[in-house]
1. Give me Tyr3, Tyr157 sorted ascending by neighbouring Cβ count inside 10 Å, so fewest comes first.
2. With each run of n ≥ 4 DSSP H residues scored as -39500 (n - 2.57), what mean residue ellipticity at 222 nm is computed for the chain after dividing by its residue count and rounding to the nearest 500 deg cm²/dmol?
3. Could you please state, rounded to a whole Å, how far the C-alpha centre of region 201-256 is from the C-alpha centre of region 28-63?
4. Using DSSP to call loops (not H, G, I, E or B), can you name the GluC sites (Glu not before Pro) in region 112-192 whose Cβ has at most 10 other Cβ atoms within 10 angstrom?
5. Hey, which of these cross-link pairs are over 27 Å Cα-Cα: Lys141/Lys250; Lys17/Lys61; Lys141/Lys172; Lys131/Lys172; Lys141/Lys273; Lys250/Lys321?
6. Mind ranking 382-393, 63-74 by how tightly packed they are, going by the mean number of other C-beta atoms within 10 angstrom, highest first?
7. Hey, rough spin-label estimate for Asp7 and Gln300, points 7 angstrom out along Cα→Cβ, what's it come to in nanometres?
8. Report the relative contact order of region 231-336, percent, no decimals, based on alpha-carbon pairs under 8 angstrom and at least 6 residues apart.
Amino acid sequence: LGYFTYDAGFTSTASCKSRVTYIDGDNGVLLYRGYPIEQLAEKSSFLEVSYLLLHGELPNKAELDQFVSSVTNHTMLNESLKDFFDGFHYNAHPMAMLTGVVGSLSAFYHGELDINDPNNRELTAHRVIAKMPTIAAAAYKHLVGEPFVYPRNDLSYSGNLLNMLFSRPTEKYEVNPVAERALDQLLILHADHEQNASTSTVRLAGSTGTNPFAAIAAGCAALWGPAHGGANEAVLNMLNEIGDVSNVPKFIEKAKDKNDPFRLMGFGHRVYKNFDPRATIIRKTCHEVLEELGVGKDPQLELAMELEDIALQDDYFVERKLYPNVDFYSGIIYRALGIPTEFFTVLFALGRTPGWLAQWMEMVNDPEQRIGRPRQLYTGAAKRDYTPVDQRG
Ligand code: CMC
């Protein structure tokens, strides 16, 4: 077979040393640079958390102002980059557009792709954090067939995003502060999660020395899958499929049936085996948002609560320690904010961007860093001779 340790899915292999994020899955602990996620979600802002992840310390006032000003000044897209969107099919998935367009940023910044220069690394990080919402909003406007809205630098990061998504030339739009804060909090909760699949992908791609725009595009591609960032979209699709509270028991049985591919989306986590601390925070926000935005009793939230209740009492889920994860609730908040389902994973990508960049920077700075190159246990055919096609049975 070979001489390597077999670890399918890397459940027990540390691929790097990292100082960015700490997770204690058994006790539901998540720390960014040592700070508990609960405190950051309550007291900080997404851009402050981005600075923290990138630089390792919370900024002082002057540092924060400078960082916010720099990110704010990079929100515009080159006009010809904006034109890319005209080339996408009218119903292209926004993750397809985001992945393609973020990768293409490397075509616009040739001069600053030398990653050995720390100034280039910092500038690129600011650019990516700044332009992701503009690209995302352009993808959204393409999807809904409305004109592109330029960034507004007088608004906060999340306020500007909401404005680019929802304002139209025909009517006055004002950013709702409840929506702005809820979105900012969701982005904070998604900002990093140590060596998850997309972050590992960014590191693996980045380990070859490729430029950061390309590495972030690789991260977007990995995030898209339903077992990762695509789960928030899958949760809403699942709730639609279940349709009514009376159908919950039937779907619970389907999830338990090993011959049925159906799984409860938004349940289970590779690392958190008791509870996901992000889900605890977001569950509370979810109720507050629905109340404050005046959405009232949302039938999908009721359905979600029923599903959560039943699953948490069922031996199958209890024995396997399958609890609701962050994606279970985030989708419901996005829905309350008026965001279409296929856009949910894009918001996850925006949130995860500073984490990807912080991990990429850490990797580039690590003297022990080598190209990521896993080995395998070969289980294929033994050596054999080629036979011409007319001699094969
Ligand atoms: N519904 C039903 N059964 C499940 C589920 C589920 N959601 N998740 C795991 N199981 C079962 C699985 O069948 C297995 O059972 P058995 O031991 O009898 O074979 C057992 O629980 C262990 O599952 P696993 O697939 O070995 O666990 P994993 O660590 O490889 O997978 C996971 C973790 C998150 C991919 C998985 O739980 C899952 O597919 N969940 C649904 C998708 C989802 O919500 N993903 C978002 C993850 S959180 C956000 C993020 O980080 O992206």
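1. Tyr3, Tyr157
2. Working: 17 runs with 207 residues, N = 393.
After summing the helix terms and dividing by the residues of the chain, the value is -16500 deg cm²/dmol.
3. Using only Cα atoms, the two centres lie 25 Å from each other.
4. Within region 112-192, the qualifying GluC sites (Glu not before Pro) (loop, at most 10 other Cβ atoms within 10 Å) are Glu174.
5. In this structure, Lys141/Lys250; Lys17/Lys61; Lys141/Lys273 exceed 27 Å between Cα atoms.
6. Details: 382-393: 5.2, 63-74: 15.8.
Listed from highest to lowest mean packing, they are 63-74, 382-393.
7. My value for the distance between the label points is 3.8 nm.
8. Details: 116 pairs, mean separation 47.0, N = 106.
Here the relative contact order equals 44 percent.
No value in this document is a laboratory result; all are computed from the given coordinates. Just so you know, these numbers come straight off a predicted model, no measurement behind them. Methodologically, a virtual Cβ is constructed for each residue, glycine included, from the backbone with ideal geometry; neighbour enumeration extends over all protein chains shown.
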